[in-house]
1. Tally Lys and Arg at +1 and Asp and Glu at -1 over the other residues with C-beta under 11 Å from the C-beta of PHE63: what net charge comes out?
2. Extension gain ASP173-GLU131, at 0.36 nm per residue separation less the Cα-Cα distance, in nm?
3. Whole angstrom only: what separates the Cα centroid of segment 128-169 from the Cα centroid of segment 62-96?
4. On alpha carbon coordinates alone, what is the Rg over Rh value for segment 60-107, Rh being the Kirkwood radius?
5. At a 10 Å Cβ-Cβ cut-off, how would you order THR80, THR105, THR155, fewest neighbours first?
6. If amide hydrogens are placed 1.01 Å from N in the peptide plane, which non-local residues have theirs closer than 5 Å to the one on VAL139?
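Laboratory data are not the source of any read-out in this text; all were calculated from the coordinates shown. In this text, all values refer to a predicted model and were calculated from it rather than measured experimentally. As a convention, Cβ positions derive from the backbone with ideal geometry for all residues, glycine included, and neighbour counts pool all protein chains shown.
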Amino acid sequence: MPPLTLAILLATGCTDPTKKYALDPRELVSNGLSEKTAREAAPFGDDMVRYLMGQTRELGDSFVLAVDFLPGGFAPKMDTLGDVEALLVIMRDFPALKIVVEGHTDNAGDPDKNRKLSQWRADWVRQFLLERGIDSGRVEAAGLGDSDPIADNATQRGREKNRRLVVRVIDFDGKPLNVRLGSPKKAGRDGASGPPAN
């Protein structure tokens, strides 16, 4: 199956159970795409599985879910659940995996409402996993609101990047990771832990 076809199938939630995570950005580069474009085309599941298998451990322990929500809503658009479905398969395939789903918003509007909205969105993903048999002790949800921007909230593009769901690995081999919620303030296995600095 060509890599781009697999990417489309994963994005639409259709997976081949014998070849779940076959897309490799290097294959896309060899087919003529730039490395940046190829990396962006690699589905969530591929990057997370590479991390769990130890191939890209240095890249970090967090992965952005590509899920779209209606403005102000907490339930995702149903045609954007490919990454959430891939996460479900990964959780089943890696039974020791424990995660935190972080919800993030931009800074438009009331900060308290943004925090609640981000919590509802993270809770939605958690509930999706629990309803499909994942043990509740393996999935936490945290709403961080607009407290951890990764882009400039002064631009539309920046606000879009800041509205995101992040899956953060907290344990996958019986050795809990010492991580902090939020993007730049995380630590590895031997790093400090605790809440992000404000």
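1. Working: positive: ARG50, ARG164, ARG168; negative: ASP46, ASP47, ASP61, ASP83, GLU102.
Taking every Cβ under 11 Å from that of PHE63, the sum is -2.
2. Between ASP173 and GLU131, full extension yields 12.7 nm more.
3. Here the two parts' Cα centres lie 10 Å apart.
4. Working: Rg = 12.3 Å, Rh = 12.4 Å.
Reported Rg/Rh (Cα atoms, Kirkwood Rh): 1.00.
5. THR155, THR80, THR105
6. So VAL139 has HN proximity to ILE99.
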